[in-house]
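Any read-out appearing in this document is the output of simple, stated calculations on the displayed coordinates, not a laboratory observation. Just so it is clear, the structure is predicted and the values come from calculations on it, not from any experiment. Backbone-built Cβ (ideal geometry, glycine too); neighbour counts: all protein chains shown.
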Amino acid sequence: MGWDVTPISRGIKTKAYIEWELKQRKTYDLVKLVEGKAVGGYKPFFAALRKGERVFGVVIVTKRRNGSIAEKWIGEDEGPGQLAPASFIQYLTPTDSEWANEWRAKSLAQAVA
């Protein structure tokens, strides 16, 4: 999975750009978007997306640089390294994906630790 890089005006906030991009993708509906904490210049966003009856999680890792935004989308069933806030997990429907369930469990466990 590679990075998509898009030129973007300095006046546009990263979260606003991600929300706009999610609305352009008409294959699913945005249920919830949560902004994570930046680490090493990378800022994750956690998107709960609905497709039919299923709501699944996607981590969108972003980095702003030189008038551009780079983004990488990682589905919860791909084992993202960034853990979601525990409050985000409640928006997701049950899944049979072992990797997604492991990511959800780790995300919940970090809140307790």
Restricting attention to region 84-101, does a residue exist that is more than 11 Å from the chain's Cα centre (by Cα), among the polar types (S, T, N, Q) and in a helix (DSSP H, G or I)? yes
Just name the residue that is surrounded by the fewest Cβ atoms within 10 Å (Cβ to Cβ) out of those in region 1-58 that are among the acidic types (Asp, Glu) and over 22 Å from residue 89 (Cβ atoms). 4
Just checking, how many residues over region 34-48 are of a type in the set (Gly, Ala, Ser) and within 10 Å of the chain's Cα centre (by Cα)? 3
Pick from 102, 98: which is farther than 23 Å from residue 5 by Cα, surrounded by fewer than 14 Cβ atoms within 10 Å (Cβ to Cβ) and in contact with a Gly (Cβ under 8 Å, 6 or more places away or on another chain)? 102
Test for residue 75: is it exposed (fewer than 11 other Cβ atoms within 10 Å of the Cβ) and either touching an Asp or Glu at 6+ places or on another chain (Cβ under 9 Å) or within 18 Å of residue 3 (Cα to Cα) (or both): no
Any chance residue 47 is among the small types (Gly, Ala, Ser) and part of a strand (DSSP E or B): yes
Members of region 50-83 that are closer than 28 Å to residue 10 by Cα, charged (D, E, K, R) and assigned to a loop (DSSP other than H, G, I, E, B): none
